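Have a look at the structure below before the remarks.
The values are calculated or read from the model by the stated rules, or taken from the named source; none is laboratory data. Since we're looking at a predicted model, the values are computed, not measured. Cβ sites come from the backbone with ideal geometry, for glycine too, and all protein chains shown count toward neighbours. Protein only, heavy atoms only, side chains kept; ligands, DNA and RNA dropped before computing areas. Shrake-Rupley method; radii C 1.70, N 1.55, O 1.52, S 1.80 Å.
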Amino acid sequence: MYLISVNLKFETKVLDIAYLLMLKLMKEPNFKYDRKFVNLFVKILVSQGKFKDALDFIDRRPEFYPDKAERQ
């Protein structure tokens, strides 16, 4: 049980670091979004349980999700 709790904490910290790095990257003036970045960012948000933030991000970037079923 101890090993599971240690691994879960590590995974959470890695996801938090990835989230913060991606936010910092998005603030760069020359940064351009691509499909892989958007999918990775949404995957990180969903893994953290930030479903509302993921939906808001998808709504702000509709050009990467032209199909309404894919957006859902």
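Here is how the numbers come out for the structure above:
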quantity	calculated
Residue match in the stretch 48-67 (condition: open to solvent by 90 Å² or more (accessible area, probe 1.4 Å), modelled with pLDDT of 85 or more, over 22 Å from V14 (Cβ atoms) and part of a loop (DSSP other than H, G, I, E, B))	no
Filter result for K9 (basic (K, R), modelled with pLDDT of 85 or more and open to solvent by 100 Å² or more (accessible area, probe 1.4 Å))	no
Answer residue from the stretch 13-38, given it is closer than 14 Å to Y65 by Cα and free of Cβ contacts under 8 Å to residues at least 24 places away in the same chain and is nearest to the chain's Cα centre (by Cα) among those	F37
Test: residue in the stretch 22-32 that is modelled with pLDDT under 85, open to solvent by 100 Å² or more (accessible area, probe 1.4 Å) and part of a loop (DSSP other than H, G, I, E, B)	no
